[in-house]
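No lab work stands behind these numbers, since they all come straight from the coordinates. Owing to the predicted nature of the structure, the values given are computational and were not obtained by experimental measurement. For neighbour counting, all protein chains shown are included, and Cβ atoms are generated from backbone atoms with ideal geometry for every residue, glycine included.
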Amino acid sequence: MPPKRPTRVGGAAREDGEKQINLGDTSSAKHTLDEAATEEILLQGYKEDHFVSNVKIVLGAISIALALVSQFWPGKFHENWWLVLGCVVGYTLVTIILTVFCSVKEGNAFLFTKKKKKGTAGLTVSSTLPRFSDMYTLRIESTAKGDSRPAKESTNSITKYFHADGYLSSSAFQDDVTKLLHSFEHSTKD
């Protein structure tokens, strides 16, 4: 028996758990499609890799700690100006590192996975939905540096995936995600 598909959360929900979105809100549409793609890929046997999220949390915690030390260190400002200056410089550097890390490592990706089985690479799944456009692009590529398999992507109008009343057509979208994933998994290396 196939695993039960999880239901969506948030927004106005029907009895079957599907969530309704405002079709004019491309950010909400992209977020809903990204969540559905994540669920489908995880149901296909991949495990989520939390390395990028963990690095972002650690860098954020360091910058917060520097801000708290700067703000609440005992003593008057003029007596500890060197500490405040050091914390401000450290905070700025950590924030720059966090921004560069997110731009380089994460980009448009919303899911990183671990290897599905030995001898394979994990996946980086990203998407784009330009503002004022209805063309949603889902892209799957390998996380391995040496993997020469080409990335696979699929571009479709969001009208293919949402009903006129704003509810996601899960089966249509999940079918396309599964086809794209299988196409990537069975692609040959150059």
Response to the item:
Most fluctuating of Ser70, Ser28, Ser142 in the GNM of the chain (C-alpha, under 10 Å) is Ser70
Worksheet entry | GNM top mover of Leu123, Leu42, Leu83 - the chain, alpha-carbon springs below 10 Å | Leu83
Fill in: Cleavage-rule hits, chymotrypsin sites (Phe, Trp or Tyr not before Pro), the stretch 71-180, DSSP coil, Cβ neighbours within 10 Å at most 16
Phe132
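May I ask for the longest run of the chain untouched by trypsin sites (Lys or Arg not before Pro) that are loop-located per DSSP and have at most 13 neighbouring C-beta atoms (other than their own) within 10 Å?
Segment 146-188 is the longest.
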Discussion item. Can you classify the stretch 51-106 as rounded, prolate or oblate using the Cα gyration tensor, where a ≥ b ≥ c are the square roots of its eigenvalues, rounded means a/c under 1.5, and otherwise it's prolate if a/b beats b/c and oblate if not?
Written reply: prolate
Discussion item. Please compute one quarter of the surface area of the Cα convex hull for the stretch 6-140 and express it in square nanometres.
Written reply: 12.5
Practice prompt. Calculate the spin-label point distance for His163 paired with Asp175, positioning each point 7 Å from the Cα along the beta-carbon direction, and give it in nanometres.
Written response: 1.6
Item to complete: Could you pull out the GluC sites (Glu not before Pro) across the stretch 8-114 that fall in loop regions by DSSP (anything but H, G, I, E, B) with no more than 16 other Cβ atoms inside 10 Å?
Response: Glu15
Discussion item. If the elastic network links every pair of Cα atoms under 10 Å, which of Ala172, Ala37, Ala65 fluctuates the most in the Gaussian network model of the chain?
Written reply: Ala65
